[in-house]
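The values are calculated or read from the model by the stated rules, or taken from the named source; none is laboratory data. All figures in this text were calculated on a predicted structure; none of them were measured in a lab. When we count neighbours, we look across all protein chains shown, and the Cβ atoms used for this are built from the backbone with ideal geometry, even at glycine. Side chains are part of the model used for accessible areas, which takes the heavy atoms of the whole protein and leaves out ligands, DNA and RNA. Shrake-Rupley method; radii C 1.70, N 1.55, O 1.52, S 1.80 Å.
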Amino acid sequence: MFGAMQMYQMQAMEQHIAQKEMRREESVSRLVRLKAFLRQDFNTLGQQIDDTLESVCGPSSFPGSHTRTS
């Protein structure tokens, strides 16, 4: 009976660890997708700012303008 109890506890612990690892992997995956989304969003925002400044002020003489890389 005691051996069966230990076996049950070990299986429960293994299942708990597996679920915890799966949640961690899902969290990492969501963070990677969020990072990609924000990078694209900020690149788009930067381009919109550049375009707006250029339309208001004329071609920019600031170094680095329109040399944006993704």
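Here are a few things to note about the model shown:
- With a Förster radius of 30 Å applied to the C-beta separation of L31 and E54, the computed FRET efficiency comes to 0.30.
- Computed from backbone phi, the HN-Hα couplings of region 35-50 come to 4, 5, 4, 5, 4, 5, 4, 5, 4, 5, 4, x, 5, 5, 5, 4 Hz, rounded to whole numbers (Karplus: 6.51 cos²θ - 1.76 cosθ + 1.60, θ = phi - 60°; Gly and Pro given as x).
- A 1.4 Å probe run over the protein chains yields, for region 15-59, 88 Å² of accessible area per residue, whole-number rounding.
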